[in-house]
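A short write-up of the structure that comes next.
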Amino acid sequence: NNNTIQTLPNKTQLSQVLNHPALIITRPVEWANVIIGLEVANRYSILDQEGNLIAHLLEDEGSVGKAISRQMLRTRRPFTATILSPDGQTIIFKLRRPFYLINSTMYIEDGDGNVIGEVLQRWHPFKRLYDLYVDKKQIATIKGGLLAWDFRLEDERGETLALIDRNFSGFGKELFTDAGKYVVHFGS
């Protein structure tokens, strides 16, 4: 019931999601995608290192127009996603990415749509580079190869803040589905 969803997170709720040595982000197999190639809204579970559910990440379904753009634009499509508490009753924060051709920008927003951070992609011919900002101040960079499965999140001194890896789940699953498992290992 949307009338009971709280929109402003408090520091305790954010801490309950982010204050772990590692986060495991999983996406189940979407059978409509496997069987008929239909791209559906993304749904992820965010788990702690012991496998306990700590949040949901749900891409907004949207209108018929959004469903069509999901099919036609695939990974370049605009989207919004909501990170919800495990009970689904509290919006912890939102992600919004407009349509892009070359470099993407993602906005991290509170439940009322106020931008609290940004992730800006930098163009590079054979690397993936992203700059992270909070209050318009750069706090980190994410670096990875073009076809990388592992990424480093570094601060301005080049110190590792976190490692992000996409765990390989088998050739068949990787080739025929969008299912996946990502692990974020936080540094000290």
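The values are calculated or read from the model by the stated rules, or taken from the named source; none is laboratory data. Computed from a predicted model, the values in this text were never measured in an experiment. Glycine gets a Cβ as well: all are built from the backbone with ideal geometry, and neighbour counts include every protein chain shown.
Residues that are surrounded by 12 or more Cβ atoms within 10 Å (Cβ to Cβ) and in a loop (DSSP other than H, G, I, E, B) within the stretch 125-158 comprise Ala148, Trp149, Asp155, listed in sequence order.
Applying the criterion of being out of contact with any Lys or Arg (no Cβ under 7 Å at 6 or more places or on another chain) and of a type in the set (A, V, I, L, M, F, W, C) to the residues of the stretch 151-166, the residue that is farthest from Ala22 (Cα to Cα) is Leu153. Among residues of the stretch 88-99 that are outside any strand (DSSP E or B), those with a beta-carbon under 8 Å from a residue that is at pLDDT 90 or above at least six positions away or on a different chain give the pairs Gly88/His56; Pro98/Thr105. The condition (being at positive phi and modelled with pLDDT of 80 or more) is satisfied by just one residue among Gly51, Gly37, Gly62: Gly51.
Residues are listed down the side, and each one gets a yes or a no for (1) aliphatic (A, V, I, L, M); (2) modelled with pLDDT under 90:
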site	(1), (2)
Ile91	yes, no
Gly111	no, yes
Val115	yes, no
Gln121	no, no
Leu129	yes, no
Thr160	no, no
Gly170	no, yes
Lys173	no, yes
Gly187	no, yes
